[in-house]
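Below is one structure, written out as structure tokens; comments come after it.
The values are calculated or read from the model by the stated rules, or taken from the named source; none is laboratory data. Remember, predicted model here, so these are calculated numbers, not experimental data. With ideal geometry, Cβ positions are generated from the backbone for all residues, glycine too; neighbour counts draw on all protein chains shown. Remember, those area values only see protein heavy atoms, side chains included, never the ligands or the DNA or RNA. Shrake-Rupley method; radii C 1.70, N 1.55, O 1.52, S 1.80 Å.
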Amino acid sequence: MTKMACVLEPPLRMSVLSEVTASSRHYVDRLFDADPQKVLQGVVDMKNAVIGNNKQKANLIVLGAVPRLLYLLQQETSSTELKTECAVVLGSLSMGTENNVKSLLDCHIIPALLQGLISADLRFIESCLRCLRTIFTCPVTPVELLYTDSTVIPHLMLLLSRSLYSQEYICQIFAHCCKAPDHQTILFNHGVVQNIAPLLTSVSYKVQMQALRCFSVLAFDNPQVSMTLVNVLVDGELLPQIFVKMLQRDKPVEMQLTAAKCLTFMCRAGSIRTDDTCIVLKTLPCLVRMCSKERLLEERVEGAETLAYLIEPDVELQRIASITDHLISMLSDYFKYPSSVSAIADIKRQHRGTGQPYTGPEEAEPRGTRDESQCTAASITLPMSQMTPNGQHGSLLTTEEKLDYDLKHAHELRQAAFKLYASLGANDEDIRKKIIEAEHMMDRIVSGLSEASIKVRLAAVRCLHSLSRSVQQLRTSFQDHAVWKPLMKVLQNAPDDILVVASSTLCNLLLEFSPSKEPILESGAVELLCSLTVSENPALRVNGIWALMNMAFQADQKIKSDILRGLSTEQLFRLLSDSDVNVLMKTLGLLRNLLSTRPHIDQIMSTHGKQIMQAVTFILEGEHNIEVKEQTLCILANIADGTTAKDLIMTNDDILQKIKYYVGHSNLKLQLAAMFCIANLTWNEEEGSQERQDKLREIGIVDILHKLSQSADPNLCDKAKTALQQYFA
């Protein structure tokens, strides 16, 4: 690793603030003593003073202790012992508040600590790594600082062999700093998989866990890493086999959960089949087990969210999960925790002075009351997730602590439950029915749509969207609970991620068989949906048009007129030129639904015919896929079904030549769509049919029909014969 120029000048003394104690000043003053031995003792005393004392840490930071400690840490004349103690104190300061960490970052602590890793002294290296670990795991630290110098990660790889502590801290740093695909790529290209894989069988539980966490973040949504992991051998065993062993019930819960995440992410990335026994018989049951009320709240959250991600795209996994350990009813417990500050305050008032501890819903033993002597040797040191909120393992929580703890997790629990319900009900009608029949389910969704927490609202909308795919539920439960009302409210000024899912749900509620369609129309939905079509977000434009398309299906003339008026001709044709093919397809679908039933076709074409014919010509001449052109030809077929509208086709030689071209096209879909146009134009029971037949004969359509009447495709053959019969009827 190249040397980093980050030695700091001796700092100027900061003015002493009135609230800073004399003893705090004394600690900083001793850092400037001329006697190196006294400086060392001063640092040691400072270390003892700041442990567990956030006020003392803040005082020392205000007094300028950090720049001086960094200066001593980087001075070549400083003894290794002094440098090590300075790193230990800085590590302790970094364990305080986020503001403490910000102050350390402002003093450029990371380059100084990285420079310390070049040292030959292992204890100093470990102290620097421990401090780096604490800083990088703080939310306020930009993880990009790890990737600024390209020599850092290779050097960290070399340090992995130095000690168990170095392995633990480096794996933890990698796991926390791997936040994006480019981070995964950098770590992967530097050989992180090969270097960390052997640590999964380490004698140290902490090293095993940090290595496991590393693999979980590396594999997430990354086919390249996942395909590599599936073939990695450790002591003669493939990694998936090692992960499966870590799922066993006798392993610590955090190990089971993290191993399940690794296998889940590898499965979603395509390196493990969804029907593999390690997924169906090991990973899925483990995650369902994590959802039970015997588990800690954060474990239940993580278990449910991981399970939701695992089964989201696979209907068979959804079916298996739905019948495993009564999962659907088990998730009802996720909603039994107080969900608002006012509810918490009410319960606190009720319990205050009664002498009865609050234990939470159906939970007789508060978190963290397990006896340490019952833990196995491998898990004596409990992870943070096994500790009570105040970090005191084995102590009963007070009523207020327990309530605050439940409130903290209540939103996460409801969010996780909604996500899992959404995945479970994504494809199977029977599962959706079971979900909706769960205790107070629709009431919970309706309530979730108006929650203060954006994440809960989003999860509730996703759940509603999943259930809205059911025709039966749209006609019954959705109508009984008038879910369209809170849904329309959600659509007002919501963030884009909520708007996308909520508008997708609205598309389903506007299907012609949905009882909600009428009240939604009356509530001003046209204006709302038209506004979505001008969004910069393609998904919102698609949903806006899609919902309008559903709204226009078999609608009366007034609704169609309202849509055209709200959308405006200019916007409609802007959407027909949209770069997103999904937007274009749904806009064509909207036009097709608007141009249905003869009176409506004639009315719309009388006012917008010129622009519509221009748009049709533009699309048929453009470089569009088969589906787009097929939909456009279907629009022409609808226009050809009009009484007066068909004249716009017959007087447009360019369009007629295009119909001729596509009826003789090599693609069957386009031939059939063009054939519908010809059939509607030649139908001899309508006024002017003879003139239209003659003109089509003149341009060679009849000759093509004769050829197609011998087609090998029975559908095309029948349509051609039917069209020819119009000439001889």
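Computed from the alpha carbon positions, the gyration tensor of the chain leads to an equivalent ellipsoid with semi-axes of 65, 30, 26 Å, biggest first. Residues in the chain average 44 Å² of solvent-accessible surface per residue, probe 1.4 Å, ligands and nucleic acids excluded.
Distances between placed amide hydrogens fall under 5 Å for T644 paired with no residue 5 or more residues away or on another chain. In summary, the lysines within cross-link reach of K586, defined as a Cα separation below 26 angstrom excluding same-chain residues under 8 places away, comprise K485, K489, K517, K558, K560, K610, K629, K646, K658, K660, K669. Extension gain, T77 to R319, is 80.3 nm, computed as 0.36 nm per intervening residue step minus the present C-alpha separation.
Over all Cα atoms in region 138-274, the spread is summed up by Rg and Dmax: 14.1, 42 Å. Placing +1 on each Lys and Arg Cβ and -1 on each Asp and Glu Cβ, with no other charges, gives region 182-300 a dipole about its Cα centre of roughly 320 debye. Look at the dipole of the chain built from charges on Cβ: of C128, H706, L407, the Cα furthest out on the positive end belongs to C128.
When the charge dipole of the chain is built from unit charges on Cβ atoms (+1 for Lys and Arg, -1 for Asp and Glu) and taken about the Cα centre, the candidate among L420, G303, P515 whose Cα reaches farthest toward its positive end is G303.
Karplus-derived 3J(HN,Hα) values for region 451-460, using 6.51 cos²θ - 1.76 cosθ + 1.60 with θ = phi - 60°, are 5, 5, 6, 4, 5, 5, 4, 4, 5, 5 Hz; glycine and proline are entered as x. The lysines whose alpha-carbon is closer than 23 Å to the alpha-carbon of K282, local same-chain residues fewer than 8 away aside, are K245, K251, K261, K293, K419. Ranking N550, L491, L31 by how far each Cα lies toward the positive end of the dipole of the chain (charges on Cβ) leaves L31 at the top. About the centre of its Cα atoms, region 401-442 shows a dipole size close to 100 debye [charges on the beta carbon of Lys, Arg (+1) and Asp, Glu (-1) only; nearest 20 debye].
Derived scalar couplings between HN and Hα for region 616-633 equal 4, 4, 4, 6, 5, 8, x, 8, 10, 6, 4, 4, 5, 5, 4, 4, 5, 5 Hz in order, rounded to whole Hz, by the Karplus curve 6.51 cos²θ - 1.76 cosθ + 1.60 (θ = phi - 60°), x for Gly and Pro. For region 576-583, 3J(HN,Hα) computed residue by residue from phi via the Karplus equation (6.51, -1.76, 1.60; θ = phi - 60°) reads 6, 10, 5, 6, 8, 5, 5, 5 Hz, glycine and proline entered as x. Each Lys or Arg adds one and each Asp or Glu subtracts one; over the other residues with Cβ under 13 Å from the Cβ of L548, this totals +4.
Counting only protein chain heavy atoms and rolling a 1.4 Å probe, the accessible areas of S468, S568 rank, largest first, as S568, S468. In a shell of Cβ-Cβ distance under 15 Å around L633, excluding L633 itself, what net charge do Lys and Arg (+1) and Asp and Glu (-1) give? Net charge in that neighbourhood comes out at +2.
For G42, the shell of other residues with beta-carbons less than 11 Å away shows a net charge of -1, using +1 for Lys and Arg and -1 for Asp and Glu. A probe of 1.4 angstrom, applied to the heavy atoms of all protein chains, finds H440 with accessible area near 110 square angstrom. Each Lys and Arg contributes +1 and each Asp and Glu -1, all at the Cβ; summed about the Cα centre of the chain, the dipole is approximately 880 debye.
Computed over protein heavy atoms with a 1.4 angstrom probe, the accessible surface ordering of R574, R592, R249, R130, largest first, is R249, R574, R592, R130. Shown for the chain: the carbon plus sulfur share of the solvent-accessible area, taken with all protein chains present and a 1.4 angstrom probe, equals 52%.
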